[in-house]
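Working notes, beginning with the structure itself.
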Amino acid sequence: MSQPRFALPLILALCAAPADAADLLQIYRDALANDATYASARAARDAGLESLPQGLAQLLPTVNATAFTQYNDIAIAFRTDAPQQYQYRLGNSNGYTVTLTQPLFNWQNIQVYKEAGFKAIQAEATFGQATQDLIVRVGQAYFDVLASQDGLAFIQAQKIAISEQLAQAKRNFEVGTATITDTHEAQARFDLGTSQEIAAQSDLEIKKRTLQQIVGKYPERLEPLKSSIELNPPRPNLMEEWATAAANQGYTVRSQEAALEVAAREIERIRAGHLPTLNIVGSAGQNSSSISATASSNSASDSINRTIGLQLAIPLYAGGGVSSLVRQAVANREKAQQDLESTRRSAALSARQSYVGVTNGMAQVRALEAALVSSRSALDSNKLGYEVGVRINIDVLNAQQQVFSTLRDLSRARYDTILNGLRLKSASGTLGEADVEEVNRLLGTN
């Protein structure tokens, strides 16, 4: 009795999604709105951008106002030969003062303002990297779910094939054309498949919960990858061009470059502790007071004060603290320089690894597609050989397992190649929503 042929479209149909399934672009936009890690990075960016107006405030004038009112109860003692007498005076005083200070020269504040600009750049670069990381995390979680679904579907399809082989082994044993060993082997494979199915169901649930952590809701159904897709090589198709781009314009590199500039300005800011500062200081105010010595004797006065001048402050000695802080800042700048070099090398390495992942992944996909054709031919041959008695049942079971293992590996290789393409663009700082849309076009049913 001939066995049914298990083709790739049949297997993929087992994990095909309904029309209302969520695709990668929808999942990504849900993640933009709900991912806590991304929201934290966005808030950190907003906080970092506030360093710019704070630095500018160091160069702008400050205005302060004070006001007071007080009640006066004065007892005056007159020292004479006569017994001591007191004269009491009661009254009220009030006034206000407005003071304006405008820095004319303060090198520390100038450096603070310059630092603020680079801190804002650093905040933007860090957020840019967080945005790219979100795309990679969403893609990883999305395709992990698809891979787990494929694995479960392949195991279930394999169980169906094994059950049919088991039924045939039982029939052949009943008519005396096969031994009980064939039945036991098929039964053992079927039981193992049941165990693998339970493990695959558990893995699928975990992968969906991982995606839920990013998007904030449980993904019931996801759009699968098309059964026949064309994977394109990186553009440009040169590893070193990607490595150079990553080392020069990756977001992690940009962030570290800004950190180095901040460290350099910090040296100048601390050294300014030895320099004088010059400010314009102006004030205007009014004071009023009234004193009553007797019911019929009152005195009152009003005064208006206006002043403007220059205020020069010259630091003379701070116990060596400024010099120590300068040495510390120089060491921190050297650390930032080395961190930048390390970041450049890591970015270039990441780009090279991802490039190799894409190119080798494409080659692996082609090899597995050829292996799938060969495995299916071997399965057909083993089935035919079993029917005519030149092959045993274990040969057919092994051939079936080889087909489904190849299907699983092919599915995973496609997902990994796509993910490495996203990582490659992330390393070079060019990954964006347009790339998500490009990958999204690979999803659906043929």
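The values are calculated or read from the model by the stated rules, or taken from the named source; none is laboratory data. Model, not experiment: these values are computed from the prediction. Here the Cβ positions follow ideal geometry from the backbone for every residue, glycine too, while neighbour counts run over all protein chains shown. Just the protein is used for accessible areas: all its heavy atoms, side chains included, with ligands, DNA and RNA removed. Shrake-Rupley method; radii C 1.70, N 1.55, O 1.52, S 1.80 Å.
Candidates in the range 380-402 are the residues that are modelled with pLDDT under 85 and among the charged types (D, E, K, R); of these, the one that is nearest to the chain's Cα centre (by Cα) is ASP395.
Filter the range 186-216 down to residues that are surrounded by 17 or more Cβ atoms within 10 Å (Cβ to Cβ) and among the basic types (Lys, Arg) and give me whichever is farthest from ARG29 (Cα to Cα). Among residues in the range 186-216 that are surrounded by 17 or more Cβ atoms within 10 Å (Cβ to Cβ) and among the basic types (Lys, Arg), the one farthest from ARG29 (Cα to Cα) is ARG189. Return yes or no: is LEU310 assigned to a strand (DSSP E or B), modelled with pLDDT of 90 or more, within 30 Å of PHE118 (Cβ to Cβ) and of a type in the set (A, V, I, L, M)? Judged against the criteria, LEU310 is not a match.
Contact map, the range 308-327: residues that are in contact (Cβ under 8 Å) with a residue 24 or more places away in the chain and open to solvent by less than 100 Å² (accessible area, probe 1.4 Å) paired with residues that are hydrophobic (A, V, I, L, M, F, W, C) and assigned to a helix (DSSP H, G or I), Cβ distance under 6 Å, separation 6+ or inter-chain. Pairs shown: LEU325/ILE270; VAL326/ILE270. Restricting the search to the range 339-383, which residues are without any contact (Cβ under 8 Å) to a residue 60 or more places away in the chain and over 25 Å from ARG412 (Cα atoms)? Selection gives GLU341, SER342, SER381, ASN382. Pick out the one residue from ALA186, ALA246, ALA199 that is closer than 22 Å to ALA161 by Cα, in contact (Cβ under 8 Å) with a residue 40 or more places away in the chain, small (Gly, Ala, Ser) and assigned to a helix (DSSP H, G or I). Testing whether each residue is closer than 22 Å to ALA161 by Cα, in contact (Cβ under 8 Å) with a residue 40 or more places away in the chain, small (Gly, Ala, Ser) and assigned to a helix (DSSP H, G or I) leaves just ALA186. Taking the listed residues ALA434, ALA371, ALA367, ALA378, the one that is among the small types (Gly, Ala, Ser), over 21 Å from ILE229 (Cα atoms) and part of a helix (DSSP H, G or I) is ALA378, with no other qualifying. Evaluate the following for SER405: is it modelled with pLDDT of 85 or more and surrounded by 21 or more Cβ atoms within 10 Å (Cβ to Cβ)? Taking the combined requirement at face value, the residue does not satisfy it.
Summed over the range 19-48, residues that are open to solvent by less than 70 Å² (accessible area, probe 1.4 Å) and not in a helix (DSSP H, G or I) total 4. Selection over the range 385-402 of residues that are touching a residue at least 24 places away in the same chain (Cβ under 8 Å) and part of a helix (DSSP H, G or I) gives a count of 9.
Which of the following residues is open to solvent by less than 30 Å² (accessible area, probe 1.4 Å), in contact with a Cys (Cβ under 7 Å, 6 or more places away or on another chain) and either of a type outside the set (Lys, Arg) or part of a helix (DSSP H, G or I) (or both): ALA130, ALA125, ALA153, ALA147? Show your work before the answer.
Working: ALA130 fails: in contact with a Cys (Cβ under 7 Å, 6 or more places away or on another chain); ALA125 fails: in contact with a Cys (Cβ under 7 Å, 6 or more places away or on another chain); ALA147 fails: in contact with a Cys (Cβ under 7 Å, 6 or more places away or on another chain).
The unique qualifying residue is ALA153.
Residues are listed down the side, and each one gets a yes or a no for (1) closer than 16 Å to ASN232 by Cα; (2) open to solvent by less than 10 Å² (accessible area, probe 1.4 Å):
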{"position": "ARG376", "(1), (2)": "no, no"}
{"position": "VAL390", "(1), (2)": "no, no"}
{"position": "SER411", "(1), (2)": "no, no"}
{"position": "LEU419", "(1), (2)": "yes, yes"}
{"position": "VAL439", "(1), (2)": "yes, no"}
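Listed by first and then second residue, the pairs with beta-carbon distance under 7 Å, at least 6 apart or on different chains, first residue in the range 125-147 and under 15 Å from ALA39 (Cβ atoms), second of a type in the set (Lys, Arg) and part of a helix (DSSP H, G or I), are THR126/ARG45; PHE127/ARG42; PHE127/ARG45. From the set of residues in the range 230-243 that are farther than 30 Å from LEU372 by Cβ and either of a type in the set (Lys, Arg) or in contact (Cβ under 8 Å) with a residue 24 or more places away in the chain (or both), which is surrounded by the fewest Cβ atoms within 10 Å (Cβ to Cβ)? Selected residue: ALA243.
What number of residues in the range 217-229 are open to solvent by 70 Å² or more (accessible area, probe 1.4 Å) and of a type outside the set (S, T, N, Q)?
Quick first cut of the range 217-229, residues open to solvent by 70 Å² or more (accessible area, probe 1.4 Å) only: 217, 220-221, 228.
With of a type outside the set (S, T, N, Q) added as a condition, the list becomes 217, 220-221.
Of the residues in the range 217-229, 3 are open to solvent by 70 Å² or more (accessible area, probe 1.4 Å) and of a type outside the set (S, T, N, Q).
Among the candidates GLU164, GLU174, the residue that is farther than 30 Å from LEU25 by Cα and touching a residue at least 60 places away in the same chain (Cβ under 8 Å) is uniquely GLU164.
ALA293 meets all of the listed conditions (1) in contact with a strand residue (DSSP E or B) (Cβ under 6 Å, 6 or more places away or on another chain); (2) at pLDDT 95 or above; (3) among the aliphatic types (A, V, I, L, M) but one, namely (2). Residues to consider are GLU266, GLU257; find the one that is modelled with pLDDT under 95 and either under 28 Å from the mean Cα position of the chain (by Cα) or crowded, with 18+ Cβ neighbours inside 10 Å (or both). That would be GLU266, the only listed residue that is modelled with pLDDT under 95 and either under 28 Å from the mean Cα position of the chain (by Cα) or crowded, with 18+ Cβ neighbours inside 10 Å (or both).
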